[in-house]
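Trainee: Mind having a look at this structure? Questions to follow.
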Amino acid sequence: MEQKTALIVGMAKSGIGAAKLLAKQGWHVIVNDMKSEIPGLEEALMGAEVEYRLGEDPSSLLDGTDMVVPSPIIPMTKPFLVEARERGIEIVSEIELGYRYAQADFVCITGTNGKTTCTALTGELFKAAGKHTFVLGNIGVAITEHALETVPGDVIVAETAALQLEGCSRFHARAAGCCNVTEDHLDHFGTMENYTRCKNMVYMNQTAEDIAVFNADDPTVAAMAETTPAKAYFFSRKGEVERGIFVRDGMVIYRDNGVDTPVLRADEIRIPGGHNLENAMLSSLLAIPMGIPVETVAEVLRTFPGVEHRIEFVREYEGVRYINDSKGTNPASTIRAIEAMSGPTVLILGGYDKHGDFHELFDVFKKTGLVKGMVVLGATQQQILDTAGDAGMRELCIPVETFREAVETAKGLCTEGDTVLLSPACASWGMFDNFEQRGEIFKQIVNEWV
């Protein structure tokens, strides 16, 4: 049998995972990246037989190629991908590739904000019930890294971003949920319609035997229920739902087949904030209909501490609390972080330009009255300063050049009882490798002070 060739473009976590999987499966694997040198790549691929073609135009590598696996951040409109399609070369996303080789049931979470928390929490729910569970995807571990380890009966709880879903065709989720949809990644998708369409692909290929979970309070998400034959469940903070989860008199209620089952009191959920109530409800709906006992769900919700880089308490220093919300990579996410604050807050804002709009963010700042100062940096600095001017809040903003300067400046704006919140409302690219690195450096700086 003739050996097939795969071209992997983009050597971050997903590319490395895809290359290792395909090499193990006997493919001739060509690895490519715009960078001509990537420190640590050979160590990461140790044991995998691959051909290195770094720094080359991927269009020049299409001859003889049977499959292209592009990085999720590469738009499908890139010339080399357009040419690949014209040549009849299959384009496969990393999560699609992992799905094809995995034997586990997929439980998937998508949406603009809350995905990571929901994914981690849902993973804990299945683990607590004794299921052999892998927590993978956009949460930080590529699906292809562990796909070959899975056996029937296992569960893969996967964070599936629109950027990853875009290249899927056969991908099938046994259960899938969408947190919400707000403006994000317009630099990649061009329009909200295209972005929403890719989010909705998480429900692609579902059957009447599957579970689909929707946010009843988000009209865009609620409308997705019309697109899947799966059994639909809804969650709501605002009112009761026919089938799903809601809050009545402070009690979280699960309703199915006309039967109401109390889960726990909303104030017993350990992770704070209204947005985390939504996250808890979504995760519960991915678990209970899949056979996880309500009692197990309640116990996990009482103890789950949240995830790193998402409204994460770092330390208190000289009476000031420092909160790492580096996962706040768009305005809607930062709004949720601000709404979780309880006192005067100095905010660190700015980063990579995803072509988002910041006016709603400043509307919330004015409404809550909690933001006493903002330190602004990055590629979006001028846009944020201009928006602050439109909102009459320009005098609260201090522009800086470096991240360390931003943290030190925020510290200087505080008095006892204040909070410094890193929630940039922007991606980290350009200044950092990823939001995790940005959060780690923030914590490192804050923990240096003695």
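Trainee: Could you tell me whether any residue of segment 269-286 is open to solvent by 40 Å² or more (accessible area, probe 1.4 Å) and at pLDDT 95 or above?
Mentor: For segment 269-286, residues open to solvent by 40 Å² or more (accessible area, probe 1.4 Å) and at pLDDT 95 or above: absent.
Trainee: For segment 338-360, name all the residues that are farther than 29 Å from Pro75 by Cα and either open to solvent by 40 Å² or more (accessible area, probe 1.4 Å) or touching a Gly at 6+ places or on another chain (Cβ under 8 Å) (or both).
Mentor: Glu339, Ala340, Ser342, Gly343, Pro344, Val346, Leu347
Trainee: Further question on the same structure: Which of the residues belonging to segment 119-162 are in contact with a strand residue (DSSP E or B) (Cβ under 7 Å, 6 or more places away or on another chain), over 25 Å from Val294 (Cα atoms) and of a type in the set (Ser, Thr, Tyr)?
Mentor: Scanning segment 119-162 gives Thr150, Thr160.
Trainee: Of all residues in segment 315-337 being touching a strand residue (DSSP E or B) at 6+ places or on another chain (Cβ under 7 Å) and farther than 26 Å from His355 by Cβ, which is surrounded by the most Cβ atoms within 10 Å (Cβ to Cβ)?
Mentor: Step one: of segment 315-337, the residues touching a strand residue (DSSP E or B) at 6+ places or on another chain (Cβ under 7 Å) are 315, 320-326, 329, 337.
Among the residues that remain, those that are also farther than 26 Å from His355 by Cβ are: 315, 320-323.
Numbers: Arg315: 13, Val320: 20, Arg321: 19, Tyr322: 24, Ile323: 22.
Among those residues, the one meeting the criterion is Tyr322.
Trainee: Same structure again: Only residues that are touching a residue at least 40 places away in the same chain (Cβ under 8 Å) and assigned to a strand (DSSP E or B): list them for segment 91-136, please.
Mentor: Once the filter is applied, which keeps residues that are touching a residue at least 40 places away in the same chain (Cβ under 8 Å) and assigned to a strand (DSSP E or B), segment 91-136 yields Ile91, Asp105, Phe106, Val107, Cys108, Ile109, Thr110.
Trainee: Can you run down the residue pairs with Cβ atoms below 7 Å, 6 or more apart or on separate chains, where the first is in segment 172-186 and within 14 Å of Tyr233 (Cα to Cα) and the partner is acidic (Asp, Glu) and open to solvent by 30 Å² or more (accessible area, probe 1.4 Å)?
Mentor: These pairs meet every condition: Arg174/Asp105.
Trainee: Ok, one more. Name the residues in segment 227-257 that are in contact with a strand residue (DSSP E or B) (Cβ under 9 Å, 6 or more places away or on another chain), among the acidic types (Asp, Glu) and either in contact (Cβ under 8 Å) with a residue 24 or more places away in the chain or over 14 Å from Met281 (Cβ atoms) (or both), would you?
Mentor: The answer is Glu242, Asp256.
Trainee: Then there's this: Right, Gly88: farther than 19 Å from Ala147 by Cα and open to solvent by less than 90 Å² (accessible area, probe 1.4 Å) or not? Walk me through it before giving the result.
Mentor: On the way: farther than 19 Å from Ala147 by Cα: yes; open to solvent by less than 90 Å² (accessible area, probe 1.4 Å): yes.
When the stated conditions are applied, Gly88 passes them.
Trainee: Now for a different question. Can you tell me which of (1) within 19 Å of Gly430 (Cα to Cα); (2) at pLDDT 95 or above is the one Ala388 doesn't meet?
Mentor: For Ala388, the exception is condition (1).
Trainee: Any residue at all in segment 302-323 that is of a type outside the set (Phe, Trp, Tyr), part of a helix (DSSP H, G or I) and closer than 25 Å to Gly130 by Cα?
Mentor: yes
Trainee: If we keep just the residues of segment 198-253 that are basic (Lys, Arg) and open to solvent by 50 Å² or more (accessible area, probe 1.4 Å), which is farthest from Arg302 (Cα to Cα)? Steps first, please.
Mentor: Initially, segment 198-253 is screened for residues basic (Lys, Arg), giving 199, 231, 237-238, 243, 248.
Subset that is open to solvent by 50 Å² or more (accessible area, probe 1.4 Å): 231, 237-238, 243, 248.
On the way: Lys231: 28, Arg237: 18, Lys238: 22, Arg243: 23, Arg248: 18 Å.
Here the residue is Lys231.
The values are calculated or read from the model by the stated rules, or taken from the named source; none is laboratory data. The structure displayed is predicted, hence computed values, not measured ones. Counting neighbours? That spans all protein chains shown, and the Cβs are built from the backbone with ideal geometry, glycine included. Just so you know, the surface numbers come from the protein's heavy atoms only, side chains and all, with ligands and any DNA or RNA stripped out. Shrake-Rupley method; radii C 1.70, N 1.55, O 1.52, S 1.80 Å.
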